Amino acid sequence: MADTITTGDYIKHHLTNMTFGQRADGSWGLAHSTEEASQMGFWAIHVDTMFWSIFLGGLFVLIFHRAARSATAGVPGGLQNFVEWVIDFINENVRGSFSAKNDIVAPMALTIFIWVFLMNLMDLVPVDLIPLAVGWLGALLFDVDPHHVYWKVVPTTDPNATFGMSIGVFLLIIYYSIKNKGMGGFIGELTGMPFEAKNPLMKVIFFPVNLLLEGVNLIAKPLSLSLRLFGNLYAGEMIFILIALMYSGGVILGVFGGALQFVWAVFHILVITLQAFIFMVLTIVYLDMAHQEHH
Amino acid sequence: MNINVTLIAQLIAFAFFVWFTKKFVWTFIMNALEERKQKIADGLAAAERGVREQELAEQRAKERLEEARGKAGEILAQAQKRADEIVDEAKSDARGEGQRLLHAARAEIDQEMTQTREQLRGEVVKLALLGAEQVLQREVDVNVHNESLQKVAAQL
């Protein structure tokens, strides 16, 4: 098996999602190649990304809900203690950076932090393990060539997932900006700054410049949120894949690769936590800015 | 790395998880935390109140003790006084009784003396009459000379 696929194929295989959509011949089904997946266009869905993100998100809400449902004011048990510790940590962060009053920000910060962390955590699972298992299952249950079963394990290496979240945050930013500042205030903020003028003529001249600058500023928020997370995790995943390539290079290279994988995984623990934390903190900060009259 | 409908699905999933967390996780935990905070604050306040109450009780007990001590002294003094009074009374009673007994004895002695004297007087008269009869034989009639003899007897 290993000798039939090239290094490029191996990497490509690892970076392709299991895509369900309309094939070129008009039938609906899973894409059998990377090219076919990209030809499916917009009306296709990444089964693996959806599965892992919903599975991990469901795990998160179930565990936390279980702890919350039985939460008492008395002496907390192990799970409740852990959940309370996490929530206290989030709450402190929200209180530190968010000055307005809004009930949705803290739960959203909690969701982002834990969900992103769990999705990132999948990066630490050896890169071939789950895709191999899924390929084997696919061959067993659906009689398909395991080479054509694509399965990406880390949802946050799929820009759809990161953009999905950041666009959610972006919609809330716009919603709260308009709600707190009014439509006029929001547009004023977009067009009346950073170049201010008393003169109406100058105002008109500054209008497009300001709109361009503030527009970029506004659009940069969701872009930076999602691309930062995606980029970090994608790069991390790529390095894991490259390290995994060393296993086919003989015993010495394989042992060296194992050591490297361990080191990178340890380092990556920091990265995945940090990325989840950054996403959360920036969300809080952006929403705080949406609540401020002038910044 | 294709942007497709997954994005919208992820957006919906994200919204759902946020909603679920807000509705079924955050509120419960926050309530529990708030409740516990209140409980701890109440407990601390109660402890403080307890300490203060104990101090108060100690002070009260001390006051009571002092009061009791004072009362006991008072009662002791009163009892002493009463005992003295009783002893005095008894003394005076005894003295009175003694006096009374003495008087009674004296009276009885006097009475007995008088009685004895009367008896003796009667005997003497009888003896005198007997003697006189012997002397005068029949010359003295008891009936005739009784008056004079009575006079003599009275003078004895």
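The values are calculated or read from the model by the stated rules, or taken from the named source; none is laboratory data. Because the structure is a prediction, the values reported are computed rather than measured. Virtual Cβ from ideal backbone geometry, glycine too; neighbours counted across all protein chains shown. In case anyone asks, the SASA skips ligands and DNA or RNA and just uses the protein heavy atoms, side chains included. Shrake-Rupley method; radii C 1.70, N 1.55, O 1.52, S 1.80 Å.
Evaluating 6.51 cos²θ - 1.76 cosθ + 1.60 at θ = phi - 60° for every residue in the stretch A:237-242, the Karplus couplings come out as 4, 4, 5, 4, 5, 5 Hz, glycine and proline recorded as x.
Taking 10 °C and 1.306 mPa s as the conditions, I'd like the Stokes-Einstein D for the stretch A:28-161 in µm²/s, using the Kirkwood hydrodynamic radius from alpha carbon pairs. Taking Rh from Cα pairs, D becomes 90 µm²/s.
Karplus-derived 3J(HN,Hα) values for the stretch B:21-32, using 6.51 cos²θ - 1.76 cosθ + 1.60 with θ = phi - 60°, are 4, 5, 7, 10, 10, 4, 4, 4, 5, 4, 4, 4 Hz; glycine and proline are entered as x. Straight distance only, please: which lysines reach the Cα of A:Lys179 with their own Cα at less than 19 Å, same-chain residues fewer than 8 apart left out? Candidates past the 8-residue exclusion: A:Lys101, A:Lys221. Peptide A:85-93 has a mean of 2 when you count, residue by residue, the C-beta atoms of other protein chains within 10 Å of its C-beta.
3J(HN,Hα) couplings calculated from phi for the stretch A:48-63 with the Karplus curve 6.51 cos²θ - 1.76 cosθ + 1.60 (θ = phi - 60°) are, in sequence order, 5, 4, 4, 4, 5, 5, 6, 4, 5, x, x, 4, 4, 5, 5, 4 Hz; Gly and Pro show x. In chain A, which longest range has no GluC sites (Glu not before Pro) that are both DSSP loop (not H, G, I, E or B) and surrounded by at most 16 other Cβ atoms within 10 Å? It runs A:1-195. What lysines does B:Lys62 reach when the alpha-carbon gap must be under 16 Å and sequence neighbours fewer than 8 apart in one chain are set aside? In chain and number order, the partners are B:Lys71.
For the chain pair B and A, the buried solvent-accessible surface (1.4 Å probe, both sides summed) amounts to about 3700 Å². Look at the stretch A:274-283: the mean tally of other chain Cβ atoms within 10 Å of its residues' Cβ atoms is 0. Working from Cα pairs under 8 Å separated by at least six residues, relative contact order for chain A is 23 percent. Sorting A:111-124, A:48-61, B:58-71 by average packing, meaning the other beta carbons within 10 Å per residue, from highest down gives A:111-124, A:48-61, B:58-71. Peptide A:33-41 has a mean shielding of 2, counted as Cβ atoms of other protein chains within 10 Å of each residue's Cβ. One chain, two ends: A:Leu201 and A:Ala265. Fully extended at 0.36 nm per residue, the span grows by 17.2 nm beyond their Cα-Cα distance. Summing Lys and Arg as +1 and Asp and Glu as -1 over all other residues whose Cβ lies under 14 Å from the Cβ of A:Asp158 gives a net charge of -2. Using the 1.4 Å probe convention, the accessible area of the stretch A:116-185 works out to 42 Å² per residue with neighbouring protein chains retained. Atom-type composition of the exposed protein surface of the stretch A:7-291 places 73 percent of the accessible area on carbon and sulfur (1.4 angstrom probe).
In a Debye calculation with equal point scatterers on the alpha-carbon sites of chain A and no solvent, what is log10 I(q)/I(0) at q = 0.12, 0.14 Å⁻¹? Each listed q maps to, in turn, -0.93, -1.11.
Using 0.36 nm per residue and subtracting the Cα-Cα separation, the extra length available between B:Ala47 and B:Lys91 on full extension is 9.4 nm.
Determine which lysines satisfy two conditions relative to B:Lys91: a Cα distance under 23 Å, and not lying fewer than 8 residues away in the same chain. Partners within reach: B:Lys81.
Over all other residues within a Cβ to Cβ distance under 12 Å of B:Gln111, the charged ones net out to -2, with Lys and Arg as +1 and Asp and Glu as -1.
Sorted from greatest to least, the principal axis extents spanned by the alpha carbons of the stretch A:175-249 come out as 71, 27, 11 Å.
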